[in-house]
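Read through the structure below, which is laid out as structure tokens, and then see the notes.
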């Protein structure tokens, strides 16, 4: 199972700048993009609307969630064409050749996800896709471990590997291990933030090998 932003798709020039630009509009001041990213990743905020609110509050401003959502969506719409694939279509073709089910568990809103998956032609690779609108109750959505279990149940799995890139992803898997009996391994993609004692990969070649090893180890159990 894969996260989308920062794993499948590079959002460093779309969502990250949408956070920055939205916060700047409420604060009427310039913000350094690295500081914006630090707030989002160091605090483990999965939802970019909430990350934007946190940035605004950090710099002494205030806004309602509804106001932030409206402005953020305007800013993201201007930036979404800046997104690029991190993991290639060939990568997913090779995974499909291994005859294992593939899923997505993401905090992206459904329309944003549809636009991106249509643009990059990714739908064919995944058996199950769970976005931020799939689970009706907001408190149970990613990064709540319930969302991970929900995705596993839809895929009819007793074992899964989740590939994420954030503290929120890591914490979701750790929370899952405490609440559920099914087994989930976590692989961390990239080094924007490094959770403790996890398998870290930095390229699709390393990720493919790590996934093969995880599957082989599970088969031997």
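Worth pointing out:
- Selection within region 130-154 - in a helix (DSSP H, G or I) and either surrounded by 15 or more Cβ atoms within 10 Å (Cβ to Cβ) or not assigned by TED's automatic domain parsing to the domain that holds residue 114 (or both): 145, 146, 147, 148, 149, 150, 151, 152, 154
- Some residue of region 101-110 being without any contact (Cβ under 8 Å) to a residue 12 or more places away in the chain and either more than 20 Å from residue 141 (Cβ to Cβ) or touching a helix residue (DSSP H, G or I) at 6+ places or on another chain (Cβ under 7 Å) (or both): no
- The criterion of at least 2 residues that are at pLDDT below 95 and outside the structural domain of residue 168 (by TED's automatic domain parsing) is met, among helices (runs of 4 or more DSSP H) falling completely within region 19-88, by 33-42.
- Here residue 52 meets each of (1) over 25 Å from residue 201 (Cα atoms); (2) loosely packed, with under 15 Cβ neighbours inside 10 Å with one exception, condition (2).
- All told, residue 211 falls short of being more than 17 Å from the chain's Cα centre (by Cα), surrounded by 14 or more Cβ atoms within 10 Å (Cβ to Cβ) and more than 14 Å from residue 87 (Cβ to Cβ).
- Here residue 170 meets the list (1) more than 26 Å from residue 73 (Cα to Cα); (2) surrounded by fewer than 18 Cβ atoms within 10 Å (Cβ to Cβ); (3) touching a residue at least 12 places away in the same chain (Cβ under 8 Å); (4) within 17 Å of the chain's Cα centre (by Cα) almost entirely, failing just condition (2).
The values are calculated or read from the model by the stated rules, or taken from the named source; none is laboratory data. Everything numeric here is computed off the predicted structure, so don't read it as measured data. In this analysis, Cβ positions are derived from the backbone assuming ideal geometry, glycine residues included, and neighbour counts consider all displayed protein chains.
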